[in-house]
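Input: a single structure, listed below in structure tokens.
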Amino acid sequence: MTPKPQSVVVGVLRVARGRADGVGYFGGNSQAFLSSLAPLLAFPLVGTLLGLMTDGALQSLSDFVMYLCALLTPAVVSYELARWWGRGELWLRFATAFNWCEWILPIVGCLLMVPISVAMGAGLDAQTAGLILVGCLAVYGLWLHWFLARHALSLPGLKAALLVFIVSLASIVVVAGPRFIAMHVS
């Protein structure tokens, strides 16, 4: 992969459109990875600080810890898979690109809202519109993660799909598992 000047915005836009060379715009070192985490932590951290004043310390801090676990699960699981498949040296670029490319999902959601709003104006009910929006975002998100695994880790298509499946499953378990347990313990 030819090194490119690091430009996160260019990389995100190229990856979002399915351009494999977009991966080359992300750094592949620990500083680049930490920089990709910073904006993903900034908003929840501010929310936690505000929550400390309104919701109480225990609720706010436990919500932040849950968010932190959910945020780091893809990185931890993908690292272990990349290392196991002999792609550990490529993992930092993958994880950095993965984090930065998460920002494209809300933008895609906003873009999808335009035709969905038109369809709602033509009579589509809100519940169906919501299902269409979530379904489209889920399909695009899975494709985006597969694309990144395929090109940033240089994995064959099936291994990239397996990585996405395992990372997604682990993320669901980390997010939903404690809530499921709490519902059944009470």
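Just to be sure before I move on: is VAL139 in a helix (DSSP H, G or I) and open to solvent by less than 50 Å² (accessible area, probe 1.4 Å) in the structure I sent? Don't jump to the end; show me each part of the working.
Working: in a helix (DSSP H, G or I): yes; open to solvent by less than 50 Å² (accessible area, probe 1.4 Å): no.
Criteria not met by VAL139.
Could you figure out which of (1) over 16 Å from the mean Cα position of the chain (by Cα); (2) in a helix (DSSP H, G or I) isn't true of GLY123?
That leaves (2) as the condition not met.
Exactly one of (1) in contact with a helix residue (DSSP H, G or I) (Cβ under 6 Å, 6 or more places away or on another chain); (2) over 17 Å from GLU102 (Cβ atoms); (3) of a type outside the set (Phe, Trp, Tyr) is unmet by VAL8. Its number?
Unmet condition: (2).
What residue, of VAL134, VAL167, VAL118, VAL173, is open to solvent by less than 60 Å² (accessible area, probe 1.4 Å) and part of a helix (DSSP H, G or I)?
Details: VAL134 fails: open to solvent by less than 60 Å² (accessible area, probe 1.4 Å); VAL118 fails: open to solvent by less than 60 Å² (accessible area, probe 1.4 Å); VAL173 fails: open to solvent by less than 60 Å² (accessible area, probe 1.4 Å).
Answer to the selection: VAL167.
Are any residues in segment 146-164 open to solvent by 30 Å² or more (accessible area, probe 1.4 Å) and farther than 18 Å from GLU89 by Cα, and if so, which ones?
Just the residues of segment 146-164 that are open to solvent by 30 Å² or more (accessible area, probe 1.4 Å), to begin with: 146, 150-151, 154, 156, 158-159, 161-162.
Within segment 146-164, TRP146, LEU158, ALA161, LEU162 qualify.
What's the number of the condition CYS110 fails, among (1) part of a helix (DSSP H, G or I); (2) surrounded by 15 or more Cβ atoms within 10 Å (Cβ to Cβ)?
(2)
Within segment 121-130, track down each residue that is under 18 Å from TYR140 (Cβ atoms) and loosely packed, with under 13 Cβ neighbours inside 10 Å.
Filtering segment 121-130 down to residues under 18 Å from TYR140 (Cβ atoms) leaves 129-130.
Within segment 121-130, just GLY130 meets the criteria.
Return a yes/no flag: does segment 72-87 have any residue that is within 18 Å of ALA32 (Cβ to Cβ), acidic (Asp, Glu) and modelled with pLDDT of 95 or more. Step through it out loud before you land on a result.
Filtering segment 72-87 down to residues within 18 Å of ALA32 (Cβ to Cβ) leaves 72, 74-76, 78-79, 82, 87.
Among the residues that remain, those that are also acidic (Asp, Glu) are: none.
No, segment 72-87 contains no residue that is within 18 Å of ALA32 (Cβ to Cβ), acidic (Asp, Glu) and modelled with pLDDT of 95 or more.
The values are calculated or read from the model by the stated rules, or taken from the named source; none is laboratory data. Owing to the predicted nature of the structure, the values given are computational and were not obtained by experimental measurement. Quick reminder, even Gly has a Cβ in these numbers, built from the backbone with ideal geometry, and neighbours come from all protein chains shown. Each accessible area value is taken on the protein alone, full model and side chains, heavy atoms only, with ligands, DNA and RNA left out. Shrake-Rupley method; radii C 1.70, N 1.55, O 1.52, S 1.80 Å.
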